[in-house]
């Protein structure tokens, strides 16, 4: 088999058994591995209504067809599971080097099922794998766990693990790899913790089989040469992902004080320039990636002086900084480090703390709820203290560990108006009132309120049309125009396809899909067209929707928090705007998707067209 | 009047008289000043067949409607004349600060006519202007001239002038401003020299009248905020325009050894990284421009150690470096400085020297022609020596000063095959065989073989779709597809419109036309739509074509050098390619332009539609 090894591991944690099985060729051809194939297993093996933190849920790892090849920025891999935060389909994606090291063991993915009777970790070497006792690792942070495993197995092993937050089943705990890299969203770390699975250590040297290695190498080389001094590379390498923050704020779309306003007054304290001056040591790249948007960093002054790690990324600055209105770059960086060490999703963590502060300021929460803490926007110490409490589920932290949707349901008193999540997933740091089509993107994304399912921020907030589809330019960000919905649909499909390949979505900025198609064709050794690529994306996207429909998702769930629909922005270029025209945008979206307008279900015709007729909700 | 002052200066050099006249309002409304209005005067006042270096030719300066306002990157101004290099319509555009300082004197433009009996320079203060004796400036370099004038008139005067190359009527002499900024192309400096006009010194404080100043300021401010950390800004500020060189070379489209190959083997010696390490002091910006792509530089080692100035820009590296295969960054920088000091267009200079070297290597030129010099690719000393000779028209330099077309006509022996010009204008450093549609762009551009008339390099060589038109993405650079010709036409129109406004074409990367339209509307105080903007560009573009048709340009002139049409590239990703399908591309181009397919003339209907029926060729 080309692209993949054609084999996955199945780990029955309840029974402590590890086995391997072949990926049926027809499934490989249909999904090209990636999240699509993982969703196939999730749909088939996890029964409707399964408790996400119970034994019936599965945690599925899947690399992409190009993961670990020499094509640019192909170090990514996916986790797929039913989310304890949203109760629906979840995918969480990470890069760094671990996914490549895993694929080198000779497997394309792993299905974890059941619950282990005691803490364990999985060790995988070439063509073999076994579970080991992890009692000595339980209670340890991500860096400690990584260090202890490397001490035991050797430096050549690379480690993916959960921290304390995952052990404590914080509903938005992340799964960490390469020390600082996170599969952050949707609470995969909690699922891993519920299964008493602490870590996965891998070591191998098996290369990916490529059908036409010479041609593949040639096309990859050409892409690297093009990317090497691409303008995006220069921008991202110089300033990291936080390069976007000024643009987002200038559009009046940078959520501040839990989205009460979207203009951050002290932006120059936390923008990319500030990050570079205050904490950056040097840029870092993931496997085979010339962009090097990662930041190796250290805190050089103040009370956290001496701490070091990677980041912060834009979304960490956006939520731990923006939503909590923290202007102290060192404190934001420390908060980000702590999230990484505990294994917490920075977006949900910052958003949840921001929500709690607004509840406190509105007296929906009082000191009797908060362990006596006074919660105020702009207080870096409170953010740091709450992160400790959340990860440990200690006192008030136990409540915060449930995420904004559950908190609001419990608190009531109108707090749902400003619980900034969609389908339970906390929103990222782009206010959709300032760029209307992003509201639709949040409303429909399969994993809940998400910005990278389509990455429509690129051609809107960032004013960068994407090369991966022929026309991604949005005419006027302030207008919700149904005629432009096709751009969202195309981007969802192509971004899902990039995920499937194991490629970074940033490649969608700079590399045309035609060039990916060429790589895939050389990899697989048969024709592979642009339409094939889009179809692979569309198929995986629809299968996730079918999973969600089976779990009860309907059109009514494809909506936005009341704040976005009813409270106009009060300042900035988008002042006066709410998210408008959502029903008409949804109508158009369902029409283009081939989904039923009343229910939001993929029609039998659409499923048949995609070869998905056997997956019935 | 809003946008302009409504007044121009008319300088009759033969009679030594300076007068002022109003711009008729209907002309202002039609052209919004800029090159379009200048072309109107050129068409009306310069008779068909006029000798470019004779008294009948005019040299017309015109600012744009937004030049000198607070809108971003609006420091540009235009020179329009009949070119001594090409014999047809010429426009040459520069930025820096001088154009703004000129507009502050209360005039929108100047028409220079006739020939002065002795060297003069023009001094303009608010609402007044007079000619002064320039005998003491004649024979002086650009920096010397600038220094002497400032010593005489005071530091508050800003100077635009020619150097020795212009005095000697080198056919590709530039007009220089702000010491290092060039209106480089088409030989405006030779026209100025032929008129014995050495310089223009300006000083004033008159602001541009804006109809709705508050709204104008608000929109400008928003644009600045958006631009301030735009990815393009980061890339251009960090690395200057030379940031593109790796991309162009990676596509196999970087002309090397006079376009004998288009892959430069030692690129890392001369790329943006090398430039930064070896000669950069700091980035510099033009008036009101946040991008700061300019380079303040100095030579820090080798035989030119201690020389300093601005640049080199990508095109200087491309022609003085690439075409001559010089790998010595310090020598390229010195050659660039010398061109600026003498007032020579770096593109035509480098291209002409490269052409001469190939002629020598092919024994079409021998030592008896070259003053005994041995011309070899890769010899930095020869390039430097020939620049001195060209500017002084000394010996062999007198022949080189005529440009590649005249040289090839005289040399014959097949040298026209590789005289790399279109309509006499030497081509810039992008090989159109590697990106097919750029071949059409070169073939049709009104001023001859030019890259900035449409700037179609953006969405092709640089993989950056432009925001200024709705869809500028070219699907496959290696295919000459008539279905994509509309993108070229749209870009020509919008780029001409940006010129008209006095805005930098780089703004076309990052700012949507809708936003320019808003600025223009606030500036003028009446509605101004996207269609109006495109129409202004289309009108000016067609008027220039009508001028050229009157001078005898036909479809047969809209072509490319034989090397591009017949000699395939031998290496790189575009190996095997020549410029293909040009007749079909031209057919489509004429059809979209509303020009007659057989003759290339704008049809009477098209001229009527644009309100240009009175300009008959």
* **Copies compared at residue B:21 - label distances in nm, ascending, label defined 7 Å from Cα in the Cβ direction** => 8.9
* Asked: Any idea how far apart residue A:475 and residue B:371 come out in nm if each label point goes 7 Å out from Cα toward Cβ?
  -> 6.1
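Which whole-number percentage describes the relative contact order of segment B:7-203, with Cα contacts under 8 Å and a sequence gap of 6 or more? Mind dumping the intermediate values first?
Details: 500 pairs, mean separation 44.7, N = 197.
This gives 23 percent for segment B:7-203.
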* **Gain upon complete extension [residue B:45, residue B:130; 0.36 nm per residue less C-alpha separation]** => 28.4 nm
* What does the protein assembly as shown give for Rg and for Dmax, in Å, if only its C-alpha atoms count? -> 32.3, 104
* Is the shape of segment A:453-495 best called rounded, prolate or oblate, per the rule: a/c under 1.5 gives rounded, else a/b larger than b/c gives prolate, else oblate, with a ≥ b ≥ c the square roots of the Cα gyration tensor eigenvalues? -> oblate
* Asked: Listing B:43, A:232 from the residue with the fewest other Cβ atoms within 10 Å to the one with the most, what is the order?
  -> B:43, A:232
* C-alpha center-to-center spacing [segment B:84-118, segment A:397-474] in angstrom -> 53
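What percent do you get for the relative contact order of segment A:254-421 when only Cα pairs under 8 Å and 6+ apart count?
Values: 277 pairs, mean separation 31.6, N = 168.
Reported relative contact order: 19 percent.
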* Asked: Given q = 0.05, 0.06, 0.09, 0.12 Å⁻¹, what are the Debye log10 I(q)/I(0) values for chain B, with equal point scatterers placed on the Cα positions and solvent ignored?
  -> -0.18, -0.27, -0.64, -1.24
* To do: Name the shape class, rounded, prolate or oblate, that the alpha-carbon gyration tensor gives for segment A:268-421, where a ≥ b ≥ c are the square roots of its eigenvalues, rounded holds for a/c under 1.5, and otherwise prolate holds if a/b is larger than b/c and oblate otherwise.
  => prolate
* Asked: Relative to the other copies, what are the label-point distances for residue B:221, with labels 7 Å from Cα along the C-beta vector, expressed in nm at one decimal and sorted shortest first?
  -> 5.4
* Expressed in nm to one decimal, what extension gain is obtained for the pair residue A:587 and residue A:308 from 0.36 nm per residue of sequence separation less their Cα-Cα distance? -> 95.6 nm
* To do: Return the whole-Å distance between the Cα centroid of segment A:126-194 and the Cα centroid of segment A:297-334.
  => 23
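Assign one of three labels to segment B:221-339, namely rounded, prolate or oblate, based on the Cα gyration tensor with a ≥ b ≥ c the square roots of its eigenvalues; rounded applies when a/c is under 1.5, prolate when it is not and a/b is larger than b/c, and oblate otherwise. Please list the in-between numbers first.
Values: a/c = 2.43, a/b = 1.38, b/c = 1.77.
Because a/c hits 1.5 or more and a/b fails to exceed b/c, segment B:221-339 counts as oblate.
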* With label points built 7 Å along Cα→Cβ from the Cα atoms of residue B:575 and residue B:301, find their separation and express it in nm. => 3.4
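Only counting other Cβ atoms within 10 Å, I'd like B:370, B:529, B:261 sorted with the fewest neighbours first. Mind dumping the intermediate values first?
Working: B:370 22, B:529 13, B:261 19.
In order of increasing Cβ crowding within 10 Å: B:529, B:261, B:370.
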* Structure fact -> Inter-copy distances for residue B:570, nm, shortest first, label points 7 Å along Cα→Cβ, are 7.1
* Asked: Which order results if A:88, B:384 are arranged by neighbouring Cβ count within 10 Å, fewest first?
  -> B:384, A:88
* To the nearest whole percent, what portion of all C-alpha pairs in segment B:7-203 is separated by more than 25 angstrom? -> 25
* Asked: Between segment A:239-286 and segment B:40-69, how many Å separate their Cα centres?
  -> 48
* Asked: Taking Cα pairs under 8 Å and at least six residues apart, what relative contact order does chain B come out at, in percent?
  -> 15
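Read-outs throughout are calculated quantities, based only on the coordinates presented, and are distinct from any laboratory measurement. This is a predicted model, so every value here is computed, not measured. No Cβ is skipped: glycine too gets one built from the backbone with ideal geometry, and neighbour counts run over all protein chains shown.
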